[in-house]
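Peer 1: Here you go, one structure.
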Protein chains: 6
Amino acid sequence: MTDSLRADGRIADQLRTVTIERGWSAHAEGSALVSFGGTKVLCTASFTNGVPRWLTGKGKGWVTAEYAMLPRATNSRNDRESIKGKVGGRTHEISRLIGRALRAVVDTKALGENTIVIDCDVLQADGGTRTAAITGAYVALADAIEWGRSQKFIAQRSAPLVDSVSAVSVGIIDGTPMLDLAYVEDVRAETDMNVVVTGRGLFVEVQGTAEGAPFDKRELDALLELGVNGCAQLRDIQAATLA
Amino acid sequence: MTDSLRADGRIADQLRTVTIERGWSAHAEGSALVSFGGTKVLCTASFTNGVPRWLTGKGKGWVTAEYAMLPRATNSRNDRESIKGKVGGRTHEISRLIGRALRAVVDTKALGENTIVIDCDVLQADGGTRTAAITGAYVALADAIEWGRSQKFIAQRSAPLVDSVSAVSVGIIDGTPMLDLAYVEDVRAETDMNVVVTGRGLFVEVQGTAEGAPFDKRELDALLELGVNGCAQLRDIQAATLA
Amino acid sequence: MTDSLRADGRIADQLRTVTIERGWSAHAEGSALVSFGGTKVLCTASFTNGVPRWLTGKGKGWVTAEYAMLPRATNSRNDRESIKGKVGGRTHEISRLIGRALRAVVDTKALGENTIVIDCDVLQADGGTRTAAITGAYVALADAIEWGRSQKFIAQRSAPLVDSVSAVSVGIIDGTPMLDLAYVEDVRAETDMNVVVTGRGLFVEVQGTAEGAPFDKRELDALLELGVNGCAQLRDIQAATLA
Amino acid sequence: MTDSLRADGRIADQLRTVTIERGWSAHAEGSALVSFGGTKVLCTASFTNGVPRWLTGKGKGWVTAEYAMLPRATNSRNDRESIKGKVGGRTHEISRLIGRALRAVVDTKALGENTIVIDCDVLQADGGTRTAAITGAYVALADAIEWGRSQKFIAQRSAPLVDSVSAVSVGIIDGTPMLDLAYVEDVRAETDMNVVVTGRGLFVEVQGTAEGAPFDKRELDALLELGVNGCAQLRDIQAATLA
Amino acid sequence: MTDSLRADGRIADQLRTVTIERGWSAHAEGSALVSFGGTKVLCTASFTNGVPRWLTGKGKGWVTAEYAMLPRATNSRNDRESIKGKVGGRTHEISRLIGRALRAVVDTKALGENTIVIDCDVLQADGGTRTAAITGAYVALADAIEWGRSQKFIAQRSAPLVDSVSAVSVGIIDGTPMLDLAYVEDVRAETDMNVVVTGRGLFVEVQGTAEGAPFDKRELDALLELGVNGCAQLRDIQAATLA
Amino acid sequence: MTDSLRADGRIADQLRTVTIERGWSAHAEGSALVSFGGTKVLCTASFTNGVPRWLTGKGKGWVTAEYAMLPRATNSRNDRESIKGKVGGRTHEISRLIGRALRAVVDTKALGENTIVIDCDVLQADGGTRTAAITGAYVALADAIEWGRSQKFIAQRSAPLVDSVSAVSVGIIDGTPMLDLAYVEDVRAETDMNVVVTGRGLFVEVQGTAEGAPFDKRELDALLELGVNGCAQLRDIQAATLA
């Protein structure tokens, strides 16, 4: 493994430049514009007092997420899902992933009967949009929860956030495990994995896919280690942002 | 009419702070992030060599536009049109308006058999999203046309842009005609008008609506004059951006 | 400007033959089959006691409109929007325009908590379908309001209709402003405008679009004057119909 | 069975007043506005030279039909299928029935590679809309075929129409078989049947449904006889219209 | 008419091998996997205490049905209606037929305010899927009603089922009336009829269609007789299954 | 860990009874009805000579999959996606997973320009429907490829299948890792994982989700080991079925 392996000059276990612009939106109760290199995702958290009908009266809150891409976030333009009249499989899958990742660090009892909807809209895509989305969404979620507390929708003594959560992609390219794949790397990866990890270093979600050849346990372990380390760095960036 | 009339301290015939960040997108052939005060619209122009089937072989190009809002661009969250499975009337109406406005300054013969799709996505809304979109879209369009020329898709001697175009909202509030309404003003306006004006000061589109009481010719004239003057300022900002 | 300018022998400021067959429908609370020359629109007004949930308890009524075309109303057949599974932008835009035009002459407080839905279905199209629709819809609306009063859903002393409303298209063809464009004229017009005017001669809506070259203030003024005069004639036809 | 049985004074085996206004539409190649009493259906036939891709090159034509109701054709308003975004089961079912009925009297080889789309739009409904639609559609179809012959899209010696076709509803009310049910009768019928019969008196379609109690062979026979006789009268009205 | 007429060796008035596997589903309150030769339909009856909102408080129950085909139930694969985003006309038509057939033998007052939804999913198709579905659905319905009684949702003394119901297809092939058409016969039939008959031998539904030449009364009578006899055999198989 | 842990008497690392009924469908080129205990999935493989337009001329084949559930496959009835007019996120996600799993063992060059569509329809659900679907789909796929070879659509010397593939769910319940979760176990699992493994024991896909508490590397390893062992047993059952 050499420095020259990666197109943007990174070494294998190095994140791209990560920035989180907290409070980007003037309207949302929590928001963050997150960048992982050229990938930019606007995350907003909308707080509503009350829960959907099916959850009413159970003393629990609800956190959900929706992910989408602007039509020209990518290198060539994609038709809008609103115009096609249906949401595609990839969009559905990522929305569900983000929702699960965030719910894993929320104590819905402590949240009380409140709903938080996280919107992650990819303004520009360069690989790793779902992991950037999770990482930024956590910051938006944290601020929305603080807002709810300031408005007394959440009790002062309640701590709905039991941990932080971040995510990163890892993959094997030409036999080398690499962290935080940019788009040009992603399309070349033999194995592609997204790991979602809590601030304490536990797994929330592990999704590994053989894009080329199937992979063995040794490769899986190498990827997991890279991912856990990457998420630890992201956790520190989140913490600094929220400080 | 006094300075105290407007919530943000502007006088009646004053634009909000307008900024146009040219080339915001790394992928699009032309792009601009335009702000009219708190209204922020990302405009991208996607250039494709070739035209839709129904236009093939006529030696003419095609320019079209799509407008949309992020779900939390507004003060309270709106459901996504992709999830509702249909595009709303307002979205349709504004998309069509933007497309007509841009086509009014394009010589499609000079464009040749090329297609430009303009996407205007409202990241944050505070009134005047359609007029900001038109104003920013023109900048994205101009750059996409330059790109097409640089790639030789457009002949060097061709001049597809016959003029510039910008737009602004005007309205009557408490009897006073005002320029470039912010959202809090827009909801109070008795009459609301959007004017789309070319760089030379000619009308492309005039859409006036009595939200409260019907209006007379004198009021209409006052609004048109305000709008033409506002568009002249926007034209200068566009020109400076493209310089 | 000469008599010979217009395909059907009209002079520039002349309406086509306008007829309004009041009470066409046996079922609707108000109805009118309106013809502007070859354009025929069936307008029905459906009166329901009560309002949509979001308006309940505010002491106000609701008036809305839907516009559609039969598939073979036009010269070549268009696919049905029901089969395409979505309503097109043009349909949306016109439905919204008709609704706004009617609401401009309705005092919703005086209407009380009642809902009137106006359906304007184009049976045959020859230009000016939206303006014919508004003109006929007013007659259907007036009768539906009378019906509501006769059924005591509207108080005897209430006057929900504050004025009448009609609409007409105007346009510039070969440099000449003309009133009430037929289809063959509409496609040739450089500038196309629809004006919606109350019985008292005030503007409810002005929508002018440069289809060819942008237009100047002088042309705009000429078109507005033509339109206001045309609407005054339509107002008289409406009044005669309702007498 | 007495005269007093029927609300509108008819005797049991009597049709309502049937009128067919041939050539109602200025645009369609064939058209008819058919009335069965208060039921009014506008039938247009749109002729296109050529066939759908799946039929190309087989030397055969295609006839199809679409049925729909205006929202206020009925006593209370129904939401538009275009707005609901889907076509209902009843609409589908009737469209298919009309198409089958018409194809039964068309020799598609003689029609040549031409397509005729029949639109049947119910302007006002008072029972028997599908049977009125079939009866009027035949007239529109016949005229569209003549138009195709006049344009030389159909060979002069070809006879695409092998017979005429009409349809009528029959039902048993309070034990009495009755012809051509009006809406108030239809809702009271124990058994309801639609028969589609050729000019020569042969069956194209028989659809009988027990709305109340199941029926026996004797009742079925009585209904069929009524229906065949009713269709013979409709055939004569069609012939007179086309004469 | 000879034995050799039919591809599978049957004589003209012979059913295919019919089997009904009662209680196929571990979850549904009633279920049956019915086979008419190569046609296999899984019928499940889902019992819910309570009725849709529009029926609440009327003391009556509701029975409805939905029919669908797996994509590869047929010889070549059909796209899924879920992916096309709309239900086709044939599916709608058959769903409605099954629902009407079942409701004809249900006393909804005796059913009480309970809802039974019957799903008929064709796992493999070889002609006669709608008739097999009705025949199997009756068995599933009967068991669901028993389940409702066992759970005391239906009063012990109530008898919601007033009769049994079954259905079979009949058709004329090369001039010979035949019972229970397999797919290869169905496509060759000049006339095609589905009859739905109660256990007592009365008609619930008769749907005859001329696929080739129109048919006369004598042919109709022959088909009805075949159908009634076939349904009597199916009734006995249903009874044996439920014994 | 004791035998009494599992509701159905299994020990922790024991599969449910797995059966694969090869060639269930009379129509499909390959098919299998697979059962994992109470979970029953009908898998059909539809072979078409030729590829989608976007793949034409590249000398490569295409394998894709669609997953769906019958409405009453589950304990309470779910509305049909065809009637809702859209495919849900879960359905999309699983369809994509099955497609990826199968493509991982197919050499699309060796397949040639042929398309295989795998349909996995859940007839009855009791946990693990996606893993049963993958396991059964492989058998259907293998037979469809043989069919393609027998028809000479695939060259005799080509070997499109480079390995077999199967899948199983694993999860941690009350701290104990368990294999092949039934529904009652699935809802109680703290961590839930699906592993897709080739016949040679390599990973194609690993999807682990913390449903309750996040999990650590040790737990992940225990689950992976269980899953790999389970897949080895499934591989042997597949091989025996195809022998």
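Peer 1: D:ALA155 passes all but one of (1) in contact with an Asp or Glu (Cβ under 8 Å, 6 or more places away or on another chain); (2) more than 12 Å from every other protein chain (Cβ to nearest Cβ); (3) among the aliphatic types (A, V, I, L, M); which number fails?
Peer 2: Against the list (1) in contact with an Asp or Glu (Cβ under 8 Å, 6 or more places away or on another chain); (2) more than 12 Å from every other protein chain (Cβ to nearest Cβ); (3) among the aliphatic types (A, V, I, L, M), D:ALA155 comes up short only on (1).
Peer 1: So A:PRO214 passes all but one of these: (1) within 14 Å of chain F (Cβ to nearest Cβ); (2) at pLDDT 95 or above; (3) touching a Leu at 6+ places or on another chain (Cβ under 7 Å). Which condition number does it fail?
Peer 2: Condition (2) is where A:PRO214 drops out.
Peer 1: So, one more: Mind listing just one residue for me: the one in the range D:76-94 that is open to solvent by 70 Å² or more (accessible area, probe 1.4 Å) and of a type in the set (S, T, N, Q) and, of those, nearest to the chain's Cα centre (by Cα)?
Peer 2: Only one residue fits best here, namely D:ASN78.
Peer 1: Next question, about the same structure. Which residues, counting only those in the range F:170-184, are open to solvent by less than 10 Å² (accessible area, probe 1.4 Å), not in a loop (DSSP other than H, G, I, E, B) and not hydrophobic (A, V, I, L, M, F, W, C)?
Peer 2: The one that is open to solvent by less than 10 Å² (accessible area, probe 1.4 Å), not in a loop (DSSP other than H, G, I, E, B) and not hydrophobic (A, V, I, L, M, F, W, C): F:GLY171.
Here's the yes/no breakdown for (1) within 14 Å of another protein chain (Cβ to nearest Cβ); (2) open to solvent by less than 10 Å² (accessible area, probe 1.4 Å); (3) assigned to a helix (DSSP H, G or I); (4) closer than 21 Å to F:ALA239 by Cβ:
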site	(1), (2), (3), (4)
F:LEU15	no, no, no, yes
F:PRO71	yes, yes, no, no
F:THR74	yes, no, no, no
F:ILE118	yes, yes, no, yes
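Peer 1: Given the structure, is A:VAL34 among the aliphatic types (A, V, I, L, M), closer than 30 Å to B:GLU29 by Cβ and away from chain F (no Cβ under 14 Å)?
Peer 2: For A:VAL34, the condition - among the aliphatic types (A, V, I, L, M), closer than 30 Å to B:GLU29 by Cβ and away from chain F (no Cβ under 14 Å) - is met.
Peer 1: Further, regarding this structure: Could you tell me whether C:ALA133 is within 17 Å of the chain's Cα centre (by Cα) and part of a strand (DSSP E or B)?
Peer 2: Working: within 17 Å of the chain's Cα centre (by Cα): yes; part of a strand (DSSP E or B): no.
No, not satisfied.
Peer 1: Could you check the range F:142-164 and list, in sequence order, the residues that are open to solvent by 30 Å² or more (accessible area, probe 1.4 Å) and in a helix (DSSP H, G or I)?
Peer 2: Scanning the range F:142-164 gives F:GLU146, F:TRP147, F:ARG149, F:SER150.
Peer 1: So which of C:LEU123, C:LEU111, C:LEU141 ends up being away from chain D (no Cβ under 14 Å) and at pLDDT 95 or above?
Peer 2: C:LEU111
Peer 1: Taking into account only those residues within the range F:20-59 that are without any contact (Cβ under 8 Å) to a residue 60 or more places away in the chain and closer than 25 Å to E:SER35 by Cα, which is most open to solvent (accessible area, probe 1.4 Å)?
Peer 2: Going through the qualifying residues, I end up with F:GLU21.
Peer 1: Hey, does the range F:30-39 have a residue that's in contact with a helix residue (DSSP H, G or I) (Cβ under 7 Å, 6 or more places away or on another chain) and aromatic (Phe, Trp, Tyr)?
Peer 2: yes
Peer 1: Here is a list of conditions, (1) open to solvent by 10 Å² or more (accessible area, probe 1.4 Å); (2) touching a Cys at 6+ places or on another chain (Cβ under 6 Å), and E:ASN194 meets all of them except one; can you say which number that is?
Peer 2: For E:ASN194, the exception is condition (2).
Peer 1: Still on this structure, I have one more. Among the residues of the range C:79-113, write down those that are touching a Pro at 6+ places or on another chain (Cβ under 7 Å) and touching a residue at least 40 places away in the same chain (Cβ under 8 Å).
Peer 2: C:ALA104, C:VAL106, C:ASP107, C:ALA110, C:LEU111
Peer 1: A further question on this structure: With the condition kept exactly as written, say whether any residue in the range C:199-209 is of a type in the set (S, T, N, Q), in contact (Cβ under 8 Å) with a residue 60 or more places away in the chain and either under 16 Å from C:LEU234 (Cα atoms) or out of contact with any Cys (no Cβ under 7 Å at 6 or more places or on another chain) (or both). Step through it out loud before you land on a result.
Peer 2: First pass over the range C:199-209, keeping only residues of a type in the set (S, T, N, Q): C:207, C:209.
Now restrict to residues that are in contact (Cβ under 8 Å) with a residue 60 or more places away in the chain: C:207.
Within this subset, residues satisfying the condition of being either under 16 Å from C:LEU234 (Cα atoms) or out of contact with any Cys (no Cβ under 7 Å at 6 or more places or on another chain) (or both) are C:207.
For the range C:199-209, residues of a type in the set (S, T, N, Q), in contact (Cβ under 8 Å) with a residue 60 or more places away in the chain and either under 16 Å from C:LEU234 (Cα atoms) or out of contact with any Cys (no Cβ under 7 Å at 6 or more places or on another chain) (or both): present.
Peer 1: Name the one entry in B:ILE118, B:ILE98 that is within 10 Å of the chain's Cα centre (by Cα) and either among the β-branched types (Val, Ile, Thr) or under 18 Å from B:LEU55 (Cα atoms) (or both).
Peer 2: Testing whether each residue is within 10 Å of the chain's Cα centre (by Cα) and either among the β-branched types (Val, Ile, Thr) or under 18 Å from B:LEU55 (Cα atoms) (or both) leaves just B:ILE98.
Peer 1: Does A:ALA182 satisfy the condition of being closer than 27 Å to F:THR191 by Cα, small (Gly, Ala, Ser) and modelled with pLDDT of 95 or more?
Peer 2: no
Peer 1: Please state which of the following conditions B:GLY201 fails to meet, knowing it meets all the rest: (1) in a helix (DSSP H, G or I); (2) within 13 Å of another protein chain (Cβ to nearest Cβ).
Peer 2: (1)
Peer 1: Could you list, in sequence order, the residues of the range D:17-43 that are closer than 24 Å to C:ALA125 by Cβ and in a loop (DSSP other than H, G, I, E, B)?
Peer 2: Those that are closer than 24 Å to C:ALA125 by Cβ and in a loop (DSSP other than H, G, I, E, B): D:GLY23, D:TRP24, D:SER25, D:ALA26, D:HIS27, D:ALA28, D:GLU29.
The values are calculated or read from the model by the stated rules, or taken from the named source; none is laboratory data. Source: prediction; values computed, not measured. Quick reminder, even Gly has a Cβ in these numbers, built from the backbone with ideal geometry, and neighbours come from all protein chains shown. These accessible areas exclude ligands, DNA and RNA; they are computed on the full protein's heavy atoms, side chains included. Shrake-Rupley method; radii C 1.70, N 1.55, O 1.52, S 1.80 Å.
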